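Working notes for the structure below.
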Amino acid sequence: MPILEVFGTFLHYEDTGQSSRPEDTMVLIHGFGDSGLLWEAQVEHFKNRYRMITTDVRGHARSGVPNELGLYTQDQVVEDVRAIMDYLGVERSIMGGHSLGGYTTMRFYQRYPDRIRAMILSGTGPGYRRMDGARQWTEMNEQAAAEYESRGLETAVDARKEGIGRHGGTEPVYHKLKGLANVRRGVMRMPPLVDPTQITVPLIVLVGENDEPFLNSSNYIAAKAPRATGPIVIKGASHWANFDDPETWNAAVEEFLAGINA
C-alpha cells in the first residue's frame, strides 16, 4: 500500500496511468466521508492519457488518523496535497475535487497558483463570505461530530454499509469515527470564501441535478471565475455526480481538457 509519512501522520495515495507530457497529470481530491476510491471511474477513463493521482484525505479510510485536533486544518490538507505532489515529482497539475476536495483545490490555488494549470470542481462550494453562514455550517458539523463521539471515537465503521461517502470497486472501506469527527471539527470549521474572480486558470464546474445545496454555489463559481466552463448539470445525479453518472461527467471533463490542450 503506497503511503507517505508527513506532518504528523501518513497518507495513502495511488499513482497510476501515463501521460506524454508532465503537465498532463491529474490530481483528484475526494470529499468528506469518501475515499480515493470515489474516483475509480475517472482513473479508469483517463489513465491512458493522463497520470492519475488520488489520495485518502487525512482522517479517512486508509490514511492516518492523528489524535490531535490541531493537525486537522484546511491549510494542513492543502499541505498534504503539496507534499504528495512534491514526493511524486509533480510540479504542475490539473487539480480537481469533489465537495470538500473541490474547496481544498480552491484553497491550494490560493497558496500555490503556479502549480495548477486547470481546475475541476464537482459539487463544490467556495466557502462563506458572511460569518453567520460559516457559523451555522460549523455548528452543523459540530453536531455531527458529537454523534460520532457518542458511538465511541475509536470505533471503525464500514463506510459502504453505513452509506458514508461513495467508493468505487468492492474493496472494504473503513473510517475511524475519530478521524471523521476531527475533520468536521477542524478541516471543515469556519471555511472562508475563496473569491472565484481571483482564479485565472481554466476551470470546469460540474454539479448533480439533485444536489440542491450546491446548485447555487456552482452557479456562483461559474459566473464569477474569469475562465470558467459550466456549470455542467448532470441530469438525475446527486451530490456525487461523478459517481452517479461517470460517463456524462467524464465526457464533459474530456471536452474541457481538449479545449485547454488545443
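Things worth noting here:
- Just one of (1) surrounded by fewer than 22 Cβ atoms within 10 Å (Cβ to Cβ); (2) touching a helix residue (DSSP H, G or I) at 6+ places or on another chain (Cβ under 9 Å); (3) of a type outside the set (S, T, N, Q); (4) not in a loop (DSSP other than H, G, I, E, B) fails for residue 260. It is (2).
- Filter pass, residue 250 being surrounded by 13 or more Cβ atoms within 10 Å (Cβ to Cβ), out of contact with any strand residue (DSSP E or B) (no Cβ under 6 Å at 6 or more places or on another chain) and in a helix (DSSP H, G or I): yes
- Pairs are defined by a Cβ separation below 7 Å, a sequence spacing of at least 6 or placement on different chains, a first member in the range 70-96 that is in contact (Cβ under 8 Å) with a residue 24 or more places away in the chain and under 30 Å from residue 259 (Cβ atoms), and a second member that is of a type in the set (Val, Ile, Thr) and in a loop (DSSP other than H, G, I, E, B); the pairs so defined are 77/57.
- For the range 111-142, the candidate set comprises residues that are assigned to a strand (DSSP E or B) and among the hydroxyl-bearing types (Ser, Thr, Tyr); within that set, the residue that is farthest from residue 94 (Cα to Cα) is 128.
- Search result, residues across the range 12-55 that are of a type in the set (A, V, I, L, M), more than 17 Å from residue 105 (Cα to Cα) and out of contact with any Pro (no Cβ under 9 Å at 6 or more places or on another chain): 37, 43
- Complete set of residues in the range 24-72 that are assigned to a strand (DSSP E or B) and either among the aliphatic types (A, V, I, L, M) or modelled with pLDDT under 95 (or both): 26, 27, 28, 29, 52, 53
The values are calculated or read from the model by the stated rules, or taken from the named source; none is laboratory data. Since the structure is predicted, the reported quantities are computational estimates derived from the model, not experimental observations. Note: ideal-geometry Cβ built from the backbone for every residue, glycine included; neighbour counts use all protein chains shown.
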